[in-house]
1. So which of Ala389, Ala398 is open to solvent by 10 Å² or more (accessible area, probe 1.4 Å) and without any contact (Cβ under 8 Å) to a residue 40 or more places away in the chain?
2. Determine the pairs where a residue that is farther than 16 Å from Gly317 by Cα, located within the range 363-380, has a partner that is open to solvent by 40 Å² or more (accessible area, probe 1.4 Å) with Cβ atoms under 6 Å apart, the partner being 6 or more residues away or on another chain.
3. Quick one: which of Ala201, Ala150 is surrounded by fewer than 20 Cβ atoms within 10 Å (Cβ to Cβ) and under 28 Å from Glu368 (Cβ atoms)?
4. Run down Ala417, Ala391, Ala376, Ala361 and say which single residue is of a type in the set (Gly, Ala, Ser), in contact with a Ser or Thr (Cβ under 9 Å, 6 or more places away or on another chain) and either within 16 Å of Val22 (Cβ to Cβ) or at pLDDT below 95 (or both).
5. Please give the number of the condition Arg245 fails out of (1) part of a loop (DSSP other than H, G, I, E, B); (2) over 28 Å from the mean Cα position of the chain (by Cα).
6. Considering only residues that are under 18 Å from Arg366 (Cα atoms) and not aliphatic (A, V, I, L, M), which ones fall in the range 188-225?
7. Is at least one residue of the range 279-293 of a type in the set (A, V, I, L, M, F, W, C), open to solvent by less than 10 Å² (accessible area, probe 1.4 Å), out of contact with any His (no Cβ under 9 Å at 6 or more places or on another chain) and under 30 Å from Val181 (Cβ atoms)?
Amino acid sequence: MIILHDAVAVLGPDGSSGPADVILDGAAIVAVTPPGAGPAAAAELTPDAPVEMVSLAGCALTPGLVNAHHHLFQTAFRTLPGTRGVPMRDWLPAMAAAYTRVGVDPESTRAAARAGLAEALLSGVTTVADHHLTWPDGSDTVGMARATAAAASELGARLVFVRGTARDRAEVAAESAEAIVEALVPGRPGGVSADGLLQVAVGPAGVHSDSPETFALLGEVAARHGLRRRTQANEQVDVEIAQDRYGRRPLELLEEWGWLAPDVTLAHLCGVTDAEIDRLAASGITATHAPGCDVPMGWGIAPVARLLEAGLRVGLGTSGGGSNDAGHLLADARLAMQVSGLVGPQLPAETVLDMATAGSADGLGRPELGRIAVGAAADLAVWDVSGVADAGVADPIAGLLWVSPAAARETSTWRVAGWWRAADWPARRSPPSSATSPPSSRPASDREAARSSELEGDARAPRARDAHHHGEAVLLLLGESTESRCSISPSTTATSQVPQVPTRQLDGTTSPFRSTTSRIVSSGCTVTVIPESRSSTSNGSFQIGSPRTLASKRSRWMDPRGQDAPAASTASMSRRGPQQ
């Protein structure tokens, strides 16, 4: 059992915030108490269980963010020339041509997903809904779905994989959706895996690209397996094409086709009338706001305040890198708050944070996510609010959005389903009040010496969790240089040369793989490479490396005891069970 204490503020399920003790047992929150009352509550819950105190001094604690609408494959296509600030009718074919030039297969899908999911985790997102729309004829659709799920599993994120469509043949799409369900979540109620880390849903791109038959057949798949249904509506091109092709508005068509119902989530909703908002509220659907896509592209702003006032549950999503260029949900939450006043009343920061957590989770049919409450999943994000950017802030929760540019924030610690991934986790831990230390593959003498030095504040203490002392690491090599500096502990630094490997350009040519000079931050259950410089830019190439070589690339690093050990490939990671 773990007690999180000393946080400057804890975001509660009703939008309130303040100091509190949060008690975790494995992958669940079992109690939330007034500050200082945690130990007594833990003793009452399980008198004989060991209790570990974790100080969150100087930090704010929120639920892990839930990105309700992403297109992970687009992470490989950021700032693509000719796709910025253009009408959607021009953007769609430009993106499709780029996908064709690069190739869409399980390897490229997995590589893009790994980069997008790593970015999500580092920005406090613990659950991502990936609306995958690109399925070339004859492609290995199950393999692509498995590849995305594998990327999430390796990095430790929750994934909702949405088998989308975009001009797919209806029968082919339905058969593929059936196969993906059977491959990823066979026999699981609601399409959710037993551990809750993987979920499958279905979702046509919208009435602008998919036929009534596609909506009907995917709806049948959803009904057979209890899946959530998700689509996009009332975006720029969506309204135009619906009017030209059918002489109707998109929501009229969706209602006629049976896609206005409580199990449906509609993304975007930029161009909706008051009458349509009333129709949406009556249907029981949920909505997803995606300002990081729609605002910079000039595609509109959803009237979120009016949607909420009408009684709709609204979540928040980033959409994909082809229109947003980033997957930082907190940054988009800030944008949502800032632009809301242009189309209605100003949204409070707490309301937008609720959209980015519980609102998104409710749209996924996952009431156990996005909340700090008894019985909720222990998916948490810890935000350092002790720096100069937060000086003078009266409300540290609202300050997550209002003060420094949100894109500059990265979580120092996060937890998904009972596993910690924390850059500074060892320094925050107190020893268990009873029982032995968690099991480790390290010799007992080494383990106890490391624990002792950590607790005594020894400047030479290793900062990584036990499993990483044997060289198990995940390397996501992103950026500009060909050298990766791996800072494993305050006293041990190793430099490794990253091999030059071919990178597929969007024009079909190749160039050397380029990786950023980075620092590896030991993050509890994974080691993530974070670029030291935020100024690197992309020229539209596959900056995440060749999908066909990234998974097998290896590096070497020094473990904290000074021994040169091989690091794990990017296809593996260290993962330990929940701390008890």
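The values are calculated or read from the model by the stated rules, or taken from the named source; none is laboratory data. Everything quoted here is computed from the prediction, not taken from an experiment. With ideal geometry, Cβ positions are generated from the backbone for all residues, glycine too; neighbour counts draw on all protein chains shown. Surface areas here come from the heavy atoms of the whole protein model, side chains and all, with no ligands, DNA or RNA. Shrake-Rupley method; radii C 1.70, N 1.55, O 1.52, S 1.80 Å.
1. Ala389
2. Arg371/Pro13; Ala373/Pro13; Ala376/Glu368; Ala377/Glu368; Ala378/Ala27
3. None of the others qualify; the one that does is Ala150.
4. Of the residues listed, the single one that is of a type in the set (Gly, Ala, Ser), in contact with a Ser or Thr (Cβ under 9 Å, 6 or more places away or on another chain) and either within 16 Å of Val22 (Cβ to Cβ) or at pLDDT below 95 (or both) is Ala417.
5. (1)
6. Arg188, Pro189, Gly190, Gly191, Ser193, Asp195, Gly196, Gln199, Gly203, His225
7. Scanning the range 279-293 turns up at least one residue that is of a type in the set (A, V, I, L, M, F, W, C), open to solvent by less than 10 Å² (accessible area, probe 1.4 Å), out of contact with any His (no Cβ under 9 Å at 6 or more places or on another chain) and under 30 Å from Val181 (Cβ atoms).
Residue-by-condition table, conditions (1) of a type in the set (S, T, N, Q); (2) in contact with an Asp or Glu (Cβ under 8 Å, 6 or more places away or on another chain); (3) within 14 Å of Leu133 (Cβ to Cβ):
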position: Leu159; (1), (2), (3): no, yes, no
position: Thr165; (1), (2), (3): yes, yes, yes
position: Ala170; (1), (2), (3): no, yes, no
position: Ala174; (1), (2), (3): no, yes, no
position: Glu178; (1), (2), (3): no, no, no
position: Leu184; (1), (2), (3): no, no, no
position: Ala194; (1), (2), (3): no, no, no
position: Leu197; (1), (2), (3): no, no, no
